[in-house]
Amino acid sequence: MNVKFPIGQFQCEEEISFAQVNKWIEEIRVLPAELHNTVEGLDDVQLDTPYRDGGWTIRQVVHHVADSHMNAYIRFKLALTENRPTIKPYDEGLWAELSDSKLPVAISLKLIEALHTKWAALLSNLTESDLKKEFIHPDSGVITVERNIGIYAWHGKHHLAHIQRLLERKGWE
């Protein structure tokens, strides 16, 4: 099993169906509960265990999902309200080392729950033309709103799987 990419890397068809977009939106909507259920009851030693050698701890992964998805939400809003904006990337590795990544995971779990509620509501009301809107990522190039929905549905499941596989390997399930 690939510990770094437990569900594989993100892939999608060139032509993205409306049904696929709706499936991804549902995955974004349910992630907070899945994440909460997965880490609920873990103690500090478990939360501070890296999911792989050289990887982040469970605690850092949870805080990273909050950081990443906040950035993603803003990127969606920029893409929906501006003409092909260039977004600002950030160094997720350095963010994971900041002091707020040592806080209790409950703080980021609450943030993720509120954020995903807003996010899913926003995404569920997009039109066909909204889905085709684009933004420019300095490293990745032009990305459509519909593709970005898929990327972040995958991103949440990707990090959830990091935690779940660690729990399985350690027998902590």
* Can you name every residue in the stretch 1-45 that is surrounded by 15 or more Cβ atoms within 10 Å (Cβ to Cβ) and among the basic types (Lys, Arg)? -> ARG29
* Consider ILE74 carefully, then state whether it is touching a helix residue (DSSP H, G or I) at 6+ places or on another chain (Cβ under 6 Å) and either closer than 22 Å to ASP139 by Cβ or not hydrophobic (A, V, I, L, M, F, W, C) (or both). => no
* Going through the stretch 154-173 one residue at a time, which ones are assigned to a helix (DSSP H, G or I), touching a residue at least 40 places away in the same chain (Cβ under 8 Å) and farther than 30 Å from SER129 by Cβ? -> HIS159, LEU160, ALA161, HIS162, ILE163, GLN164, ARG165, LEU166, LEU167, LYS170
* Scan the stretch 97-130 residue by residue and report those that are in a loop (DSSP other than H, G, I, E, B), closer than 19 Å to TYR152 by Cα and open to solvent by less than 90 Å² (accessible area, probe 1.4 Å). => LEU126, THR127
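If the requirement is being more than 14 Å from the chain's Cα centre (by Cα) and either modelled with pLDDT of 95 or more or not acidic (Asp, Glu) (or both), which of these qualifies: ASN22, ASN71?
Working: ASN71 fails: more than 14 Å from the chain's Cα centre (by Cα).
That would be ASN22, the only listed residue that is more than 14 Å from the chain's Cα centre (by Cα) and either modelled with pLDDT of 95 or more or not acidic (Asp, Glu) (or both).
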* **Checking ASP48 against (1) surrounded by 13 or more Cβ atoms within 10 Å (Cβ to Cβ); (2) under 16 Å from the mean Cα position of the chain (by Cα); (3) without any contact (Cβ under 8 Å) to a residue 60 or more places away in the chain; (4) over 21 Å from TYR90 (Cα atoms), the condition it does not meet** => (2)
* To do: List every residue pair whose Cβ atoms lie under 9 Å apart, where the two residues are 6 or more positions apart in sequence or sit on different chains, the first residue falls within the stretch 140-153 and is within 20 Å of GLU82 (Cα to Cα) and part of a strand (DSSP E or B), and the second residue, located anywhere, is among the small types (Gly, Ala, Ser) and open to solvent by less than 20 Å² (accessible area, probe 1.4 Å).
  => ILE143/ALA79; THR144/ALA79
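The values are calculated or read from the model by the stated rules, or taken from the named source; none is laboratory data. Being a predicted model, the structure only gives us computed values, none of them experimental. Heads up, the Cβs are rebuilt from the backbone with ideal geometry, glycines too, and the neighbour counts pull from every protein chain shown. With ligands, DNA and RNA removed, areas are computed over all heavy atoms of the protein, side chains included. Shrake-Rupley method; radii C 1.70, N 1.55, O 1.52, S 1.80 Å.
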